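Trainee: This is the structure I want to talk about, given as structure tokens.
The values are calculated or read from the model by the stated rules, or taken from the named source; none is laboratory data. Because the structure is a prediction, the values reported are computed rather than measured. Using ideal geometry, Cβ is built from the backbone for each residue, glycine included, and neighbour counts are taken over all protein chains shown. These accessible areas exclude ligands, DNA and RNA; they are computed on the full protein's heavy atoms, side chains included. Shrake-Rupley method; radii C 1.70, N 1.55, O 1.52, S 1.80 Å.
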Amino acid sequence: VLLMMAILKNMFLLLFLPCFCSGQPAPPLLHFSTFLDPANMVYLCWDHDEQELMTFELQVHTTVWVSFGFSPHGELPGSDIVVVGVFPNDSIYFSVS
């Protein structure tokens with residue numbers, strides 16, 4: 001679990017690295033958050049700016065993969081889905097559909 005968290009933290013760092021290298025300001029702190037499950041294993045943080053651009057951070061205790069979906073009606077059909085995981089060789093995959 002700790003290895004996965006370290007890998008995901010590195011992934012988030014890499015995702016925000018262009019922001020730091022391009023002279024852009026650091027991402028703001030996210031003001032809203034909640035656990036998405038009764039065991040407190042999936043933690044979602046989010047916020048939006050003045051232009052209504054949404055920023056999300058998902059923290060998950062897992063060793064294999066996680067998916068996250070967006071839907072205007074709360075159902076899987078027609079939703080946008082993100083899947084992130086770790087292959088056995090510790091490389092990370094990321095897919096959006």
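Trainee: Please list, ordered by residue number, the strands (runs of 3 or more DSSP E) wholly in the stretch 45-91 having 1 or more residues that are among the hydrophobic types (A, V, I, L, M, F, W, C), open to solvent by 80 Å² or more (accessible area, probe 1.4 Å) and in contact with a Phe, Trp or Tyr (Cβ under 6 Å, 6 or more places away or on another chain).
Mentor: 54-60
Trainee: Separate question: So which of E57, E52 ends up being under 15 Å from the mean Cα position of the chain (by Cα) and of a type in the set (D, E)?
Mentor: Just a single option satisfies the conditions, and that option is E57.
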